[in-house]
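Participant: Before I ask anything, let me first share the structure, which is written out below as structure tokens.
The values are calculated or read from the model by the stated rules, or taken from the named source; none is laboratory data. Remember, predicted model here, so these are calculated numbers, not experimental data. Cβ coordinates were reconstructed from backbone atoms using ideal geometry, including for glycine residues, and neighbour counts include every protein chain displayed. Side chains are part of the model used for accessible areas, which takes the heavy atoms of the whole protein and leaves out ligands, DNA and RNA. Shrake-Rupley method; radii C 1.70, N 1.55, O 1.52, S 1.80 Å.
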Amino acid sequence: NGFFAGVTLIKPFSCGEFLCAFEEDEAPESLYRSGANMIAFSQNGLFATGKTKFKDSDFEFNTTNFSLRLGDFQYVLDNFAVGAGLNSETTTNNFKQQESKSTTSNFMFIPMVRYHAPIDGALNHLFVDAGYGFGSSNTKTTFMGEETKTNTGVTGYEFNLGHNIPFTERLSFSIQGGYASETVKDKQKDTKVTSGGFQMLYGLSFAVIP
């Protein structure tokens, strides 16, 4: 069981084109034409907390998680962009029975590409993107008053299917779903741990249109 807190934005699908605010003869051809720039803030569970308890045991631990992503995409061709995302995630596990606590902070830089459906109207907001990133993972563990720190390398890849829902001529709500994989390597201990699965991102995007 646990608790999740985040932000939800709702917009009715009342406009087929990407900018309801423009007159028909004034609207640009596309938000995603060559030369445009898209700045994106997204989250994969901005803040979450939960509790894990083992069956037939008094042992349990509490977990909190905070994560966010800041991205930037430059459209070098119509509907095609290159960019990067900067991911930050902090996870804390608190083991009360053992007076133990561990906090892990991950930072990743992910070069990415993005391609929008080359179709006029609402379907132009549909896109796919993919990226491969690298970074570091820092863990601080406290046990019975003693503190230890470890630093490991992190690599990962992801691919997503997403859709932008414009609110104004520049601001959109974005939602994405896809697969992400992450590998943590500890060179000192010669260990490697790989995990992967479905991810969902949601947030806001701001277009800088020349």
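Participant: List every residue pair whose Cβ atoms sit under 6 Å apart, with the two residues 6 or more apart in sequence or on different chains, where the first one lies in region 169-194 and is within 24 Å of residue 138 (Cα to Cα) and the second, anywhere, is surrounded by 12 or more Cβ atoms within 10 Å (Cβ to Cβ) and acidic (Asp, Glu).
Facilitator: Short answer, once both residue conditions are applied: 180/158.
Participant: Same structure, new question: Would you please name the residue that is farthest from the chain's Cα centre (by Cα), looking only at residues in region 96-106 that are surrounded by 16 or more Cβ atoms within 10 Å (Cβ to Cβ) and not hydroxyl-bearing (Ser, Thr, Tyr)?
Facilitator: 101
Participant: Testing residue 76 on (1) farther than 19 Å from residue 152 by Cα; (2) touching a Phe, Trp or Tyr at 6+ places or on another chain (Cβ under 9 Å); (3) loosely packed, with under 15 Cβ neighbours inside 10 Å, one condition comes back false. Which one is that?
Facilitator: Unmet condition: (2).
Participant: Moving on. If I filter region 198-205 for residues that are over 29 Å from residue 139 (Cα atoms), out of contact with any Asp or Glu (no Cβ under 7 Å at 6 or more places or on another chain) and open to solvent by less than 30 Å² (accessible area, probe 1.4 Å), do I get at least one hit? Give the derivation first.
Facilitator: Going residue by residue through region 198-205, those that are over 29 Å from residue 139 (Cα atoms) are 204-205.
The next check asks that each one be out of contact with any Asp or Glu (no Cβ under 7 Å at 6 or more places or on another chain); those that pass are 204-205.
Adding the requirement that they be open to solvent by less than 30 Å² (accessible area, probe 1.4 Å) leaves 205.
Yes, that holds for at least one residue.
Participant: Being of a type in the set (Phe, Trp, Tyr) and under 16 Å from residue 178 (Cα atoms) is the filter here; which residues of region 116-147 pass it?
Facilitator: From region 116-147, those of a type in the set (Phe, Trp, Tyr) are 127, 132, 134, 143; that's our starting set.
Correct list: 127, 132.
Participant: Among the candidates 168, 183, single out the residue that is at pLDDT 85 or above and over 15 Å from the mean Cα position of the chain (by Cα). Explain how you work it out, then say what you get.
Facilitator: Numbers: 168 fails: at pLDDT 85 or above.
Within the list 168, 183, the selection yields 183.
Participant: Let me ask something else. Within region 108-126, can you find the residues that are free of Cβ contacts under 8 Å to residues at least 40 places away in the same chain and assigned to a strand (DSSP E or B)?
Facilitator: Across region 108-126, the qualifying residues are 109, 111, 113, 115, 126.
Participant: Say whether the condition of being under 30 Å from residue 153 (Cβ atoms), in a loop (DSSP other than H, G, I, E, B) and modelled with pLDDT under 95 is met by at least one residue in region 89-98.
Facilitator: Scanning region 89-98 turns up at least one residue that is under 30 Å from residue 153 (Cβ atoms), in a loop (DSSP other than H, G, I, E, B) and modelled with pLDDT under 95.
Participant: Mind telling me which of the residues 102, 136 ends up being without any contact (Cβ under 8 Å) to a residue 40 or more places away in the chain, assigned to a strand (DSSP E or B) and within 19 Å of residue 66 (Cβ to Cβ)?
Facilitator: Values: 102 fails: without any contact (Cβ under 8 Å) to a residue 40 or more places away in the chain.
Exactly one residue qualifies, and that residue is 136.
Participant: Are any residues in region 176-197 surrounded by 17 or more Cβ atoms within 10 Å (Cβ to Cβ) and not polar (S, T, N, Q), and if so, which ones?
Facilitator: Narrowing region 176-197 to residues surrounded by 17 or more Cβ atoms within 10 Å (Cβ to Cβ): 176, 180, 182, 184.
If the condition is that a residue be surrounded by 17 or more Cβ atoms within 10 Å (Cβ to Cβ) and not polar (S, T, N, Q), then 180, 182, 184 are the ones that fit.
Participant: May I pose another question? Looking at 158, 147, which one is in a strand (DSSP E or B) and modelled with pLDDT under 85?
Facilitator: Details: 158 fails: modelled with pLDDT under 85.
Just a single option satisfies the conditions, and that option is 147.
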